[in-house]
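The structure that follows is given in the form of structure tokens.
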Amino acid sequence: MISIAFLTALSVAADEKPSSDALNKVRKDDVVAVCGDSITAGGYSLLIESYLSMCYKDVPVKTVKFGWPGDSMGSFWGRKCGAEPILSVHPSIVTLCYGMNDGGYKALGKDTARHYRNGMEKLVQELKKNGVRTVIIGSPTAVDTTTYRNKKNNLTASDYNSVLAALGDSAKQLAEEQGSVFVNIHDLMLDVMAKAKAKYGAEYHVAGKEGVHPSGNGNLVIAYAFLKAMGCDGNIGTITVDLSGGKAEASAGHKILSFKDGVVEVESSRYPFCFKGKPDDPSATSGIIEFFPFNEDLNRFKLVVTGQKAGSKIRVTWGQATKEYSSDNLAKGINLAADFIENPFCEPFGKVYWIIVDKKSKWETRQYAYILSRLPVLQEDMKKEIGGLDPGEQN
């Protein structure tokens, strides 16, 4: 048996080649504006920023949240500022996730989809006219099939999900017509929700305790959908160990510091995405990942080990955990991020995550959602005040 241990250190992100020129692919120095209602004001934008800050190869990427509680297309365009707060950060990519409030929490009316679509079309055109490279239109999310209650309109979760699905169809058609990217979050959430409830029980909510605002589990599903739409390829890195040759190599974003007696010490500037909490807790992200391919698509931190006899067994130790693999599987490569949920990256990942949370709650939310949105009104009030002064006082 051979034991391989990994140590992880922090490092300043290394310069790398720019990513593909595909329009929807997030690139180095991009500004990503994450826009929507209270669901966006919640947690998924934090997960998007965490991924783009710590896991993505082309850093830095700036992520700015524009989540307005209760927002719909009617209220969005009812504000005098319109899209000005979003455009003020000069975004390269804008993600849109509206519709939950546009449905009105009632049966689909004859004008519901039309009002939603018209508002979204106006927004997409305004963004593109002002230089936004890529607009990613997300369908509305879904309400929870167990915890959603609508006593006012006596509408079941299935009923309202049908309304949200109809708005999603409008969003898809709009994306096709406007040359934008469409993301079907609604169907993905319902699929993951059904699988998760089958394992953890009906009360395991994926769209929140009140059936609308997701906890950590549902937020990860939404973040996954948008990150995929941004063209993130999921290649976190590969550590290759040749046991017979006594050599170890690392891909970009990682550096071999030492390799001796089966122990590889690696310094990393690119982290795998780390998960938290007990699997059966909806506020956790660790339990939901088996129901959709987050690790397979976005979180591949591979270990490849060669130089051992076929059919032999090799023990891999990373942090406090040890797992045994066949030499054949290790020669093909294993995904450390998926196999070692608790790993040495978890602590530094968590520290950066809470820095992002602190930044969003104390600064960005106030700046973009409140100050900038009120500037047009303040300017009008100021003009009225100045206009009421004598000419000499106006100077």
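The values are calculated or read from the model by the stated rules, or taken from the named source; none is laboratory data. These figures come from a predicted structure and were not determined experimentally. Glycine gets a Cβ as well: all are built from the backbone with ideal geometry, and neighbour counts include every protein chain shown.
Residue under question is residue 219, and the condition is that it be more than 23 Å from residue 127 (Cβ to Cβ) and polar (S, T, N, Q); does it hold?
Working: more than 23 Å from residue 127 (Cβ to Cβ): yes; polar (S, T, N, Q): yes.
Yes.
Scan region 70-85 and give yes if some residue there is surrounded by fewer than 19 Cβ atoms within 10 Å (Cβ to Cβ), closer than 19 Å to residue 207 by Cβ and touching a helix residue (DSSP H, G or I) at 6+ places or on another chain (Cβ under 9 Å), otherwise no. So that I can check it myself, show each step before the final result.
Restricting attention to region 70-85, the residues satisfying the condition of being surrounded by fewer than 19 Cβ atoms within 10 Å (Cβ to Cβ) are 70, 74-75, 77-82, 84.
Then keep just the ones that are closer than 19 Å to residue 207 by Cβ; that gives 70.
Cutting the leftovers down to touching a helix residue (DSSP H, G or I) at 6+ places or on another chain (Cβ under 9 Å) gives us 70.
So far as region 70-85 goes, yes, one or more of its residues are surrounded by fewer than 19 Cβ atoms within 10 Å (Cβ to Cβ), closer than 19 Å to residue 207 by Cβ and touching a helix residue (DSSP H, G or I) at 6+ places or on another chain (Cβ under 9 Å).
Identify the single condition in (1) part of a helix (DSSP H, G or I); (2) within 22 Å of residue 35 (Cα to Cα); (3) not acidic (Asp, Glu) that residue 207 does not satisfy, given that it satisfies every other one.
(1)
Inside region 265-276, can you point out the residues that are surrounded by fewer than 19 Cβ atoms within 10 Å (Cβ to Cβ) and in a strand (DSSP E or B)?
Matches in region 265-276: 265, 267.
Same structure, new question: If we scan region 105-113, do we find a residue that is at pLDDT 95 or above and under 23 Å from the mean Cα position of the chain (by Cα)?
Within region 105-113, not a single residue is at pLDDT 95 or above and under 23 Å from the mean Cα position of the chain (by Cα).
For residue 96, all conditions in the list (1) modelled with pLDDT of 95 or more; (2) touching a Cys at 6+ places or on another chain (Cβ under 7 Å); (3) closer than 16 Å to residue 232 by Cβ hold save one; what is the number of the exception?
(3)
Each row is one residue, and each column tells you yes or no for (1) hydrophobic (A, V, I, L, M, F, W, C); (2) within 19 Å of residue 349 (Cβ to Cβ).
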site: 244; (1), (2): no, no
site: 274; (1), (2): yes, yes
site: 292; (1), (2): yes, no
site: 300; (1), (2): no, yes
site: 310; (1), (2): yes, no
site: 316; (1), (2): yes, no
site: 323; (1), (2): no, no
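Please determine, by comparing only the residues of region 148-174 that are out of contact with any helix residue (DSSP H, G or I) (no Cβ under 7 Å at 6 or more places or on another chain) and over 18 Å from residue 190 (Cα atoms), which one is surrounded by the fewest Cβ atoms within 10 Å (Cβ to Cβ).
Looking at the filtered set, the residue picked out is 151.
Same structure again: Which condition breaks for residue 191 when tested against (1) surrounded by fewer than 18 Cβ atoms within 10 Å (Cβ to Cβ); (2) part of a loop (DSSP other than H, G, I, E, B); (3) within 22 Å of the chain's Cα centre (by Cα)?
(2)
Looking at 69, 91, which is the one that is at pLDDT below 95 and within 28 Å of residue 168 (Cα to Cα)?
On the way: 91 fails: at pLDDT below 95.
That would be 69, the only listed residue that is at pLDDT below 95 and within 28 Å of residue 168 (Cα to Cα).
List the number of the failed condition for residue 296; all other conditions in (1) free of Cβ contacts under 8 Å to residues at least 12 places away in the same chain; (2) within 19 Å of residue 332 (Cα to Cα); (3) among the charged types (D, E, K, R) hold.
(1)
If you check residue 355 against the conditions, is it out of contact with any Pro (no Cβ under 9 Å at 6 or more places or on another chain) and more than 16 Å from residue 53 (Cβ to Cβ)? Can you show your working first?
Details: out of contact with any Pro (no Cβ under 9 Å at 6 or more places or on another chain): yes; more than 16 Å from residue 53 (Cβ to Cβ): no.
Criteria not met by residue 355.
Now a separate question. Could you pull out the residue among 340, 291, 349, 275 that is in contact with a strand residue (DSSP E or B) (Cβ under 8 Å, 6 or more places away or on another chain) and hydrophobic (A, V, I, L, M, F, W, C)?
Numbers: 291 fails: in contact with a strand residue (DSSP E or B) (Cβ under 8 Å, 6 or more places away or on another chain); 349 fails: in contact with a strand residue (DSSP E or B) (Cβ under 8 Å, 6 or more places away or on another chain); 275 fails: in contact with a strand residue (DSSP E or B) (Cβ under 8 Å, 6 or more places away or on another chain).
That would be 340, the only listed residue that is in contact with a strand residue (DSSP E or B) (Cβ under 8 Å, 6 or more places away or on another chain) and hydrophobic (A, V, I, L, M, F, W, C).
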